[in-house]
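Heads up: the structure comes next, in structure tokens.
The values are calculated or read from the model by the stated rules, or taken from the named source; none is laboratory data. Source: prediction; values computed, not measured. Methodologically, a virtual Cβ is constructed for each residue, glycine included, from the backbone with ideal geometry; neighbour enumeration extends over all protein chains shown. We work out accessible area using only protein heavy atoms, side chains counted, and drop any ligands, DNA or RNA first. Shrake-Rupley method; radii C 1.70, N 1.55, O 1.52, S 1.80 Å.
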Amino acid sequence: MRSELGWLSALALSLLLVACGRGGSGGDKPQAVGLTTLAVSERRSVLRYPGRVRASEDVSLAFRVSGTIGRMLVEEGERVEAGQLLAELEAGDYEVQLQAAEAEYAQVKAEAERVIALYEDSGTTANAYDKAVYGLRQMEAKLRHSQDELSYTRLTAPFAGYVQSCLRDAHETVGAGSPVITLVSTDAPRVEISLSASDYARRSEFSAFSCSFDIFPGQTYSLSPIGIAPKANANQLYTMRLRLEAGEGPLPAPGMNTTVSIRLREGDEVAYAVPTGAILEEGGVSSLLLFSRKDSTVHSVPVTVVGLLGDGTSLVTSSALSAGDEVVSSGVHHVREGERVRPMPRESETNVGGLL
């Protein structure tokens, strides 16, 4: 009797274990993932960056000698021509200094000419001749220096442009090199943008440049590249400068914001726009999980990221991908290579959120 009860207990335990095993396998449902269907992107051929217009020349002008400002001859916003007088120092001290240098030069010159005449007639030594010649040269340099200092009391425009600001007023005493006036040129302005590291690496593909302004609708301006800073700034961005070509419309002014378009040379590879969150990064290699409708499994496909777009998507290329392929766009970190998954049902346009 005891052996029969033991046999029945063992049978019941076996059936219970089988039932639990069946329940466990039945609950192991495939992971649900979101899918994105690949389509060829036409946005790879053009990069767009915000930019700002800068003056081609923007300088602070200063006197090369110290003194008291006698006259300020321009006002802020005034247009000036190259060589135009902008401000003057009170030049009395420098005029006296020049007069003294001229008098000293005249005396030394007369003495040097007498010594040179005597030497030519063998009436003096070579040593006296050398002293006379070198003394005259020294006085000539001193005279030129006094003439230069007097000319430095006049501040002139180095190029045609506009007075951006007057930093000093008449009767103020300024030191040599202290900024007095800031001047911006009227030449074609420049545009500055900040390139990301990924686009900086593709700079050899840049083929054409243009920009547009919200305040000039429908107007496009051509740009010609000046150069790209070879070193990134603190934000890991590379500053690129471009020259704004004058078009038929009004010439933009320094300080205006613009949108710069960079056209790339077309390559043989096509690019696909995918959500940036769908890209897996491991060991410096980027990949996507490609979904197979045949067996509902996912497989890793290496890709090359060729650009980042402003709408949360990235441009990728891969010879293993084709338009119409489906890749995992959500849940990528919860599935493994070769794992069976089930696609999430697409949200109904008439039942947003699945509330009905």
Using beta carbons and a limit of 7 Å, which pairs, at least six apart or on different chains, have the first residue in the stretch 254-269 and over 19 Å from THR304 (Cβ atoms) and the second one of a type in the set (S, T, N, Q) and modelled with pLDDT under 85? ARG263/SER45
Would you point out the residue of the stretch 291-308, among those that are in contact (Cβ under 8 Å) with a residue 40 or more places away in the chain and surrounded by fewer than 16 Cβ atoms within 10 Å (Cβ to Cβ), that is farthest from ARG336 (Cα to Cα)? LEU308
Taking the stretch 277-289 as the region of interest, how many residues are open to solvent by 40 Å² or more (accessible area, probe 1.4 Å) and either in contact (Cβ under 8 Å) with a residue 24 or more places away in the chain or under 15 Å from LEU35 (Cα atoms) (or both)? 1
Top-ranked residue in the stretch 39-54 [being open to solvent by 20 Å² or more (accessible area, probe 1.4 Å) and modelled with pLDDT of 90 or more; ranked as farthest from the chain's Cα centre (by Cα)]: ARG54
Checked against (1) more than 18 Å from GLY92 (Cβ to Cβ); (2) open to solvent by 30 Å² or more (accessible area, probe 1.4 Å); (3) of a type outside the set (Phe, Trp, Tyr), SER151 satisfies every condition except (1)
Select from the stretch 55-84 the residues that are more than 23 Å from PRO254 (Cβ to Cβ), in a loop (DSSP other than H, G, I, E, B) and open to solvent by less than 50 Å² (accessible area, probe 1.4 Å) and list them in ascending order. PHE63, VAL65
Checking THR186 against (1) among the β-branched types (Val, Ile, Thr); (2) over 20 Å from ALA82 (Cβ atoms); (3) open to solvent by less than 50 Å² (accessible area, probe 1.4 Å), which single condition isn't satisfied? (2)
Taking the stretch 85-107, which residues are more than 27 Å from LEU136 (Cα to Cα) and surrounded by 15 or more Cβ atoms within 10 Å (Cβ to Cβ)? LEU86, ALA87, GLU88, LEU89, GLU90
Matching entry among GLU57, GLU88 (being at pLDDT 95 or above and in contact with a strand residue (DSSP E or B) (Cβ under 6 Å, 6 or more places away or on another chain)): GLU88
Is there a residue being small (Gly, Ala, Ser) and modelled with pLDDT under 90 anywhere in the stretch 224-243? no
Kindly check whether there is at least one residue in the stretch 264-286 that is assigned to a strand (DSSP E or B), among the basic types (Lys, Arg) and in contact with a strand residue (DSSP E or B) (Cβ under 7 Å, 6 or more places away or on another chain). no
Looking only at the stretch 217-227, which residues are hydrophobic (A, V, I, L, M, F, W, C) and open to solvent by less than 50 Å² (accessible area, probe 1.4 Å)? LEU223
Name the single residue that is farthest from SER196 (Cα to Cα) among those in the stretch 309-319 being surrounded by 15 or more Cβ atoms within 10 Å (Cβ to Cβ) and not small (Gly, Ala, Ser). THR317
Hits in the stretch 157-175 (condition: surrounded by fewer than 17 Cβ atoms within 10 Å (Cβ to Cβ) and more than 33 Å from the chain's Cα centre (by Cα)): ASP169, ALA170, HIS171, GLU172, THR173, GLY175
Restrict the check to the stretch 124-141 and report whether at least one residue is more than 56 Å from the chain's Cα centre (by Cα), open to solvent by 60 Å² or more (accessible area, probe 1.4 Å) and either in contact (Cβ under 8 Å) with a residue 12 or more places away in the chain or within 19 Å of MET72 (Cα to Cα) (or both). yes
Flagged in the stretch 120-140 as closer than 29 Å to ALA100 by Cα and not aliphatic (A, V, I, L, M), in numbering order, are ASN127, TYR129, ASP130, LYS131, TYR134, GLY135, ARG137, GLN138, GLU140
Hits in the stretch 320-335 - residues which are loosely packed, with under 11 Cβ neighbours inside 10 Å and over 16 Å from ALA273 (Cβ atoms): HIS333
Residue in the stretch 72-93 that is β-branched (Val, Ile, Thr) and under 19 Å from ALA176 (Cβ atoms) present: no
